[in-house]
Amino acid sequence: MKLIATAASSLVLIATAYAQPTAADVSFASIETSVEADVKSALSALEAKEFDRAALLLRTAGANANRLSLQTLTQKIAGAAPSFKPENANFVLAQSSTVAFENLFDRRDTVERRFRDDEGRIVTVRVFGEGRDLADFMFIKDDTAMLEKGGLEVAEMRGEPAIKRRGENGELSVLMMSDEDKALIEVEGDDEDTVMAFIGDLENAVKN
């Protein structure tokens, strides 16, 4: 019996050491591999003076590199919100729930992730990182007429500018700037307390 128990323990240790990667790990690794392959192919295309093909490959590599950047940011957010458990991150076509007018922050490829606290309350987090996003955000933040038109409020979250939009039934959506990441973080939920509890975790992480 002692021999069987020892063998079982060894199998557990081996299984742990060679644990299967998560879906997120596989996704990140495959995209990273794709970026490297596209860049190498683009260099080969340049040497062959196939400039159109090189440009296409570089655009694809750039788009996928941006995906990796957004996914990395969602992982950082998950680590900064201990009161909430993250679900799988998904690449989706989505637009901002805070700013949804004037064709700004229209549907685009982004990363979306849901977080749930011990009481079952849920927030949805999206990250936006296109080149024009920070400029559009600052434009709206400083335009009083546009803020009034969208029913938006300007605030400060995590020591940086934020824009808030309240729903008719107590919902809250907050779009926050992250200058360090050159991205925007959006937190949306069905009630203000849940959204602010999640943002409170992020603010505590910044202070610490």
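Coordinate-derived values only; no laboratory data. Bear in mind that the values here come from a model prediction, so they are computed numbers and not experimental data. In this analysis, Cβ positions are derived from the backbone assuming ideal geometry, glycine residues included, and neighbour counts consider all displayed protein chains.
How are the alpha carbon pair distances in the stretch 164-208 distributed across 10 Å bins from zero to the largest one, expressed in percent?
Histogram of Cα-Cα distances, whole percents per bin: 27, 50, 21, 2.
When the chain is fully extended, how far beyond the present Cα-Cα distance does residue 49 get from residue 148, taking 0.36 nm per residue of separation?
Length difference between fully extended and current span is 30.4 nm.
So for the chain: antiparallel DSSP bridges make up what percent, rounded to the nearest 5?
Percentage antiparallel, nearest 5: 100.
Highest mean first, how do 67-73, 41-47 rank when packing is the count of other Cβ atoms within 10 Å averaged over residues? Intermediate results must be reported in sequence, preceding the final value.
Working: 67-73: 18.6, 41-47: 15.1.
Most protected by this proxy first, the peptides run 67-73, 41-47.
Determine the equivalent ellipsoid of the chain by diagonalising the alpha-carbon gyration tensor, then write out the semi-axes as square roots of 5 times the eigenvalues, largest first, rounded to whole Å.
35, 30, 13
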